[in-house]
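Shown next, in structure tokens, is the structure this report addresses.
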């Protein structure tokens, strides 16, 4: 099994939306990928609790895949690319780790 974990920091405002509104949209869009990409075993998106230290990330993504091939399929899927494209416009930082268990 492959676990794919990603953290994002977001801009304070973009496209007329606050950071929280952007995070909520991203959470919804990422979690909706489960119904579109059968290779996703599990996906969970968390939004950092407001007013916690600035050292925290704004959003976390936790997902599971059977193997690296399924992770590659997920990352190449048009629906994922669309969400990733939006995130790319509104993120300031990204960190990720993929590991096998």
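The numbers here are math on the coordinates, done by the rules we state, and not lab data. Computed from a predicted structure; not experimentally measured. Here Cβ is always computed from backbone atoms with ideal geometry, including for glycine, and neighbour counts include all displayed protein chains.
Within segment 74-86, how many residues turn out to be in contact with a helix residue (DSSP H, G or I) (Cβ under 9 Å, 6 or more places away or on another chain) and in a helix (DSSP H, G or I)?
Filtering segment 74-86 down to residues in contact with a helix residue (DSSP H, G or I) (Cβ under 9 Å, 6 or more places away or on another chain) leaves 74-75, 77, 79-84, 86.
When the remaining residues are screened for being in a helix (DSSP H, G or I), the result is 74-75, 79-84, 86.
So the answer is 9.
Test residue 31 against the criterion of being touching a residue at least 40 places away in the same chain (Cβ under 8 Å) and either surrounded by 14 or more Cβ atoms within 10 Å (Cβ to Cβ) or touching a helix residue (DSSP H, G or I) at 6+ places or on another chain (Cβ under 8 Å) (or both), and give yes or no.
no
Would you pick out the residues in segment 87-101 that are loosely packed, with under 13 Cβ neighbours inside 10 Å, touching a residue at least 24 places away in the same chain (Cβ under 8 Å) and not in a strand (DSSP E or B)?
89, 101
Given the criteria touching a residue at least 60 places away in the same chain (Cβ under 8 Å), under 16 Å from residue 88 (Cβ atoms) and surrounded by fewer than 18 Cβ atoms within 10 Å (Cβ to Cβ), does residue 66 qualify?
Judged against the criteria, residue 66 is not a match.
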